[in-house]
Amino acid sequence: MLHLTTNLDAKRELTILCLGAHCDDVEIGCGGTLLYLRSVLPRLKFHWVVFSASGLRGQEATRAAESFTAGCERQVVLKDFRDGFLPYSGDQVKDYFEEMKGRMNPDLIFTHWGGDAHQDHRLISDLTWNTFRNHLILEYEIPKYDGDMGRPNVFVPLAEPLAERKVNCLLETFESQRTKPWFGRELFMGLMRVRGMESNSPSGYAEAFHCRKLVMQ
């Protein structure tokens with residue numbers, strides 16, 4: 001297996017765009033990887049966008065974004081599109097993607113997996129690829145009732161303390177979700193354990209992503 005490393009100029013600022021349809025999507029899908037990147041790259045700038053975030057959930061999303069990007073320059077944008085109805089507001093969501101394209105050129109984009117069963121997730125993934133056609137895009141996975149877990153092809157090994165930190169941040173920040181039977185430590189750690197097994201992670205834990213296109217230079 002070929003291992004790719006992040007051997008970047010320490011003086012260069014790396015811009016990361018994180019896109020989530022709902023509050024907690026980014027944190028569940030790539031929170032551990034964001035914590036890892038913070039630990040190895042000295043200069044990070046985050047653009048963090050949640051498309052359905054209002055009320056208490058929006059407040060939780062703001063706190064979570066601040067926690068996962070602590071110490072880095074960041075811009076957090078919370079939109080108020082209706083949860084579950086994003087495809088029916090597709091033209092407005094598309095307009096915002098076009099706006100983002102005009103004012104940023106991210107080095108790395110995290111978005112939803114295109115094969116996700118949730119319609120909101122698929123729309124965000126589709127528009128990410130429609131808009132940022134010449135960028136490195138990693139599509140994260142969200143476990144849920146639909147049973148739509150795929151076969152990712154990019155893995156980020158995580159030291160166990162980072163995996164634990166990710167889950168602790170999720171549970172501490174998104175208090176409104178604790179009543180949901182699936183929102184718990186066992187699921188989040190279990191998924192990272194499965195991906196860690198698949199990638200032979202030294203710690204046993206990893207996050208996984210789908211990458212449609214990667215250019216090696």
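The values are calculated or read from the model by the stated rules, or taken from the named source; none is laboratory data. Here the structure is a predicted model, which means the values were calculated and not measured. Because the Cβ atoms are built from the backbone with ideal geometry, glycine has one as well, and the counts that use them run over all protein chains shown. In case anyone asks, the SASA skips ligands and DNA or RNA and just uses the protein heavy atoms, side chains included. Shrake-Rupley method; radii C 1.70, N 1.55, O 1.52, S 1.80 Å.
A few points about this structure:
- Using θ = phi - 60° in the Karplus curve 6.51 cos²θ - 1.76 cosθ + 1.60, the 3J(HN,Hα) couplings for the stretch 159-164 round to 4, 4, x, 5, 4, 5 Hz; x is entered for Gly and Pro.
- Dipole magnitude of the chain about its Cα centre (Cβ charges: Lys, Arg +1; Asp, Glu -1), debye to nearest 20: 440 debye
- Accessible area of Phe85 in the full protein assembly, 1.4 Å probe (Å², nearest 10): 80 Å²
- Of the solvent-accessible surface of the stretch 45-114, computed with a 1.4 Å probe and all protein chains present, 44% belongs to carbon and sulfur.
- For the chain, calculated [θ]222 nm from helices alone, where every DSSP H run of n ≥ 4 adds -39500 (n - 2.57): -12500 deg cm²/dmol
- Surface accessible to a 1.4 Å probe, per residue, for the residues of the chain, Å²: 50 Å²
- With a simple spin-label model that places each label point 7 Å from the Cα along the Cα-to-Cβ direction, the separation between Ser176 and Glu73 comes to 3.1 nm.
- Accessible surface of Glu207 - all protein chains present, 1.4 Å probe, nearest 10 Å²: 10 Å²
- Between His135 and Asp95, residue separation times 0.36 nm minus the direct Cα-Cα distance comes to 12.5 nm.
- At most 13 other Cβ within 10 Å, DSSP loop - trypsin sites (Lys or Arg not before Pro), the stretch 95-151: Arg133
- For Leu214, the accessible surface of its heavy atoms amounts to roughly 90 Å² (probe 1.4 Å, protein chains only, rounded to the nearest 10).
- Two-site label geometry, Phe85 and Leu56: point separation in nm, points 7 Å out along Cα→Cβ: 2.1 nm
- Exposure rank, largest accessible area first [His3, His210, His135; 1.4 Å]: His3, His135, His210
- Candidate residues Asp91, Asp80, Asp120, Asp148: accessible-area rank, largest first, probe 1.4 Å: Asp80, Asp91, Asp148, Asp120
- Relative contact order (%) - criterion: Cα under 8 Å, at least six apart; region: the chain: 23 percent
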